[in-house]
Amino acid sequence: MSDGRAPLLSLRGLTVDFTVSGGVLHAVRGIDLDLHRGEVVAVVGESGSGKSTAMLAAMGLQAPNATVGGQALLDGTDLVSLPPAALRAVRGRRVAMIFQDPMTSLNPVLSIGRQLSEALLVHRPMPKRAAHDRARELLELVAIPHAAERLHNYPHELSGGMRQRVMIAMAMANDPDVLIADEPTTALDVTIQAQILEVLSRLRRERDLGVIVVTHDLGVVAGIADTVHVMYAGSVVEHGDVRSVFYAPDHPYTRGLLACSPRLDSADDDLAPIPGSPPVLTELPAGCAFAPRCAHAADRCLTERPMLRRGRATQSACLLIPTTNEQELR
Amino acid sequence: MSTIDPLLVVRNLSKTFRPRGGRVRRGATVQAVSDVSFDIARGETFSIVGESGCGKSTTARCVTRIVEPTAGSIRFDGHELVGLSYHDLQPLRQRFQMVFQDPMASLNPRQRVRDIIGEPLRVRGDERDSIRDRVHEVAGQVQLRTDDLDRYPHQFSGGQRQRIGIARALALQPELLVLDEPVSALDVSIQAQIVRLLRQLRDEMGLAYLLIAHDLAVVRHLSQRVAVMYLGTIVETGSAADVYERSLHPYTQALLSAAPIADPDIERLRERIVLTGDVPSPLDPPSGCRFRTRCWKATAECTDVVPPLTDLGDGHHVACHHPEPVNVIIGRRPIAPDEHSAERTSLA
């Protein structure tokens with residue numbers, strides 16, 4: 001996917017710390033991520049792994065008690081250090097986001113048409129009539145039937161799947177380059193999930209959109225992603241192209257995650273749970289955050305923090321993985 | 001549908017709710033569950049799958065009589081539960097217990113774990129010493145540590161809390177557990193721990209499960225038999241192998257084909273049946289077959305005639321005028337024929 005082109009969006013050493021009563025909570029501990037045009041990058045992890053926090057912070061949407069470090073470069077412009085007014089001009093226009101629960105993202109007292117027009121008018125002034133027509137086109141873009149009538153509906157009159165389509169339509173209003181989808185299908189039933197994923201794939205294809213999908217669902221990742229970043233306790237523990245991550249994972253956490261996910265296509269008895277539970281972020285171990293749950297952990301895993309290194313086919317942050325010669329891989 | 005030694009026999013169960021407020025015409029009712037019948041044998045896991053609003057949880061709640069059924073019969077070990085007074089239900093209720101989706105909402109935050117697990121025993125009137133012993137015993141069975149017993153629910157992670165909920169349900173040594181989405185609030189790595197625990201408990205204690213879940217992969221890993229519900233009715237039921245690999249109902253096929261598989265090559269090769277539109281309102285379900293408004297096979301017959309749930313062999317029932325077996329899951333590992341028959345005989 002990358003083939004030497006400069007990435008559209010590039011996260012470099014992104015960190016997010018929260019000041020809480022018990023001290024400082026390191027929610028995101030330095031992540032790197034590249035997104036190219038027409039590419040789908042999945043960020044996968046369990047609750048509290050920092051996947052959503054990282055993406056929100058990259059867009060300047062962090063909580064008031066958060067401190068963001070590192071860079072989020074959009075075509076070379078660092079969004080993290082951008083003043084609020086300049087950031088607002090970028091957000092919603094060049095980078096758009098959709099969230100898990102469309103009901104809480106939509107205003108319940110404004111019609112769909114009004115909200116879509118608003119998204120348009122914020123970034124480019126145009127006659128109301130034109131905004132209305134454009135809003136209808138946007139609903140058609142996300143395959144909402146009877147778009148003209150739907151414009152007069154309020155969010156509660158739509159089903160969950162329809163609301164998420166409206167959110168996607170709104171995100172697409174200003175023809176962005178990057179779409180960040182934070183758990184876009186988690187609140188939806190599988191048959192509706194399939195519809196939404198199809199819309200996202202089509203937009204990526206037709207508009208050459210770069211998409212970051214934040215999800216906990218490995219099945220969704222397998223179906224839609226080109227590259228995958230696996231997060232654990234605020235760090236990326238493994239990343240690579242989707243086939244490498246699924247078929248040749250190096251990191252024990254990625255392997256564990258795959259081995260403990262029940263599969264629709266087999267009734268095998270060998271679900272191997274990962275023992276224990278993720279660490280509390282205020283009390284992170286000194287070494288590898290996964291070491292306390294890792295079957296292979298050695299003494300140095302408890303003291304030395306692993307950095308991402310090239311392994312068989314992916315990059316992973318594990319001290320015990322023998323590095324492969326770069327030449328051998330090519 | 002008939003099992004040799006049924007522990008639970010549900011016949012023609014229906015539940016309607018009268019919606020309050022809103023723009024609803026007078027006398028309109030929500031048909032949450034319509035004419036549902038199934039059996040569960042001793043030691044068997046029977047699952048009901050379906051999407052939000054299909055009536056699977058209401059069915060489970062009717063079985064435990066948390067919700068009063070509108071019509072139908074529920075027989076537990078030969079005893080009719082429908083119509084029993086609270087007092088008469090009490091001794092039977094000890095024998096079937098429920099585990100809920102959200103352990104935080106179903107565990108009293110002001111009680112210690114010891115008291116939560118001991119509560120059903122106290123209600124039964126057990127002696128204090130025997131309660132203590134039994135609490136320690138079930139805590140061990142769900143792999144809680146003894147010093148966990150003096151802590152409060154908020155001091156535990158989601159997975160540990162679900163263990164507490166399971167321990168409470170096991171305290172009275174029930175024969176049937178009704179599990180309503182027991183792992184859907186948990187992360188995958190924790191979910192696998194609970195799935196494994198449920199399998200162990202079932203195998204060690206010969207428990208029967210009525211499992212309600214929307215996650216088709218989890219259901220496959222736990223169940224011997226499965227029923228698929230759509231808009232309040234069972235559209236297909238049979239052995240897990242039959243329902244997953246030789247599904248007959250178009251809705252089952254759409255549901256299975258939409259559920260993602262964590263395997264990029266398979267996922268990109270699979271043919272997906274993408275249903276158009278949404279589930280119709282249960283206030284006004286379609287005539288005839290309830291799925292016909294979204295079905296690509298629908299004919300005039302489907303509009304006029306309600307398809308009965310019919311046995312097409314080996315207890316594989318379907319409610320469809322145009323059934324056709326299809327394997328919509330391209331499996332990683334095809335299951336050998338002898339394994340099939342083994343599965344069949346173990347069911348019989």
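Residues in the stretch B:165-195 that are within 14 Å of chain A (Cβ to nearest Cβ), under 15 Å from the mean Cα position of the chain (by Cα) and not in a loop (DSSP other than H, G, I, E, B): B:Val195 only. The condition (being farther than 19 Å from A:Arg204 by Cα, more than 26 Å from the chain's Cα centre (by Cα) and without any contact (Cβ under 8 Å) to a residue 24 or more places away in the chain) is satisfied by just one residue among A:Met162, A:Met126: A:Met126. All conditions in (1) touching a residue at least 40 places away in the same chain (Cβ under 8 Å); (2) buried (at least 21 other Cβ atoms within 10 Å of the Cβ) hold for B:Trp296, with the sole exception of (2). Out of all the residues in the stretch A:145-160, is one or more among the charged types (D, E, K, R), under 22 Å from A:His216 (Cα atoms) and out of contact with any Gly (no Cβ under 9 Å at 6 or more places or on another chain)? No; the residues of the stretch A:145-160 include none that is among the charged types (D, E, K, R), under 22 Å from A:His216 (Cα atoms) and out of contact with any Gly (no Cβ under 9 Å at 6 or more places or on another chain). Hey, does the stretch B:101-120 have a residue that's touching a residue at least 60 places away in the same chain (Cβ under 8 Å) and under 25 Å from B:Leu7 (Cα atoms)? Yes. Looking across B:Gly53, B:Gly83, one residue alone is modelled with pLDDT under 95 and within 20 Å of the chain's Cα centre (by Cα). It is B:Gly53. Here A:Asp265 fulfils each of the conditions (1) farther than 30 Å from A:Thr19 by Cβ; (2) at pLDDT 95 or above; (3) crowded, with 19+ Cβ neighbours inside 10 Å apart from (2).
Within the set B:Glu236, B:Glu271, the sole residue that is acidic (Asp, Glu) and either within 10 Å of chain A (Cβ to nearest Cβ) or in contact (Cβ under 8 Å) with a residue 60 or more places away in the chain (or both) turns out to be B:Glu236.
Of the numbered criteria (1) under 30 Å from B:Asp242 (Cβ atoms); (2) facing another protein chain (nearest Cβ under 9 Å), the one A:Asp270 fails is (2). Select from the stretch A:165-192 the residues that are outside any helix (DSSP H, G or I) and within 14 Å of another protein chain (Cβ to nearest Cβ) and write down the one among them that is surrounded by the most Cβ atoms within 10 Å (Cβ to Cβ). The qualifying residue surrounded by the most Cβ atoms within 10 Å (Cβ to Cβ) is A:Pro184. The set of residues from the stretch B:234-264 being of a type in the set (Ser, Thr, Tyr), within 26 Å of B:Gln31 (Cα to Cα) and either surrounded by fewer than 24 Cβ atoms within 10 Å (Cβ to Cβ) or within 14 Å of the chain's Cα centre (by Cα) (or both) comprises just one member, B:Thr237.
Within the stretch A:282-310, being in a loop (DSSP other than H, G, I, E, B), at pLDDT 90 or above and surrounded by 15 or more Cβ atoms within 10 Å (Cβ to Cβ) holds for A:Gly287, A:Cys288, A:Ala289, A:Phe290, A:Cys294, A:Ala297, A:Arg305, A:Pro306, A:Leu308. Considering the conditions (1) outside any helix (DSSP H, G or I); (2) within 22 Å of B:Ile48 (Cβ to Cβ), B:Gly288 is excluded by exactly one of them, (2). The listed residues are A:Ala89, A:Ala54, A:Ala85, and the only one of them that is under 28 Å from A:Val245 (Cα atoms) and either part of a strand (DSSP E or B) or modelled with pLDDT of 90 or more (or both) turns out to be A:Ala54. Determine if the stretch B:120-132 includes at least one residue that is surrounded by 15 or more Cβ atoms within 10 Å (Cβ to Cβ), closer than 19 Å to B:Gln193 by Cβ and in contact with a helix residue (DSSP H, G or I) (Cβ under 6 Å, 6 or more places away or on another chain). Scanning the stretch B:120-132 turns up no residue that is surrounded by 15 or more Cβ atoms within 10 Å (Cβ to Cβ), closer than 19 Å to B:Gln193 by Cβ and in contact with a helix residue (DSSP H, G or I) (Cβ under 6 Å, 6 or more places away or on another chain). Taking the criterion of being of a type outside the set (Lys, Arg) and either more than 14 Å from chain B (Cβ to nearest Cβ) or within 14 Å of A:Ser111 (Cβ to Cβ) (or both), the residues of the stretch A:145-164 that qualify are A:Ala147, A:Ala148, A:Glu149, A:Leu151, A:His152, A:Asn153, A:Tyr154, A:Pro155, A:His156, A:Glu157, A:Leu158, A:Met162.
Of the residues making up the stretch A:201-253, those that are more than 26 Å from A:Gly30 (Cβ to Cβ) and either charged (D, E, K, R) or more than 13 Å from every other protein chain (Cβ to nearest Cβ) (or both) are A:Arg202, A:Leu203, A:Arg204, A:Arg205, A:Glu206, A:Arg207, A:Asp208, A:Leu209, A:Arg243.
Here A:Gln195 meets each of (1) away from chain B (no Cβ under 14 Å); (2) in contact with a Leu (Cβ under 9 Å, 6 or more places away or on another chain) with one exception, condition (1).
Checking each residue in the stretch A:50-75 for being of a type in the set (S, T, N, Q) and either touching a Leu at 6+ places or on another chain (Cβ under 8 Å) or under 20 Å from A:Ala171 (Cα atoms) (or both) picks out A:Ser52, A:Thr53, A:Gln62, A:Gln71.
The values are calculated or read from the model by the stated rules, or taken from the named source; none is laboratory data. Computed from a predicted model, the values in this text were never measured in an experiment. Ideal geometry is used to build each Cβ from the backbone, glycine not excepted, and the neighbour counts take in all protein chains shown.
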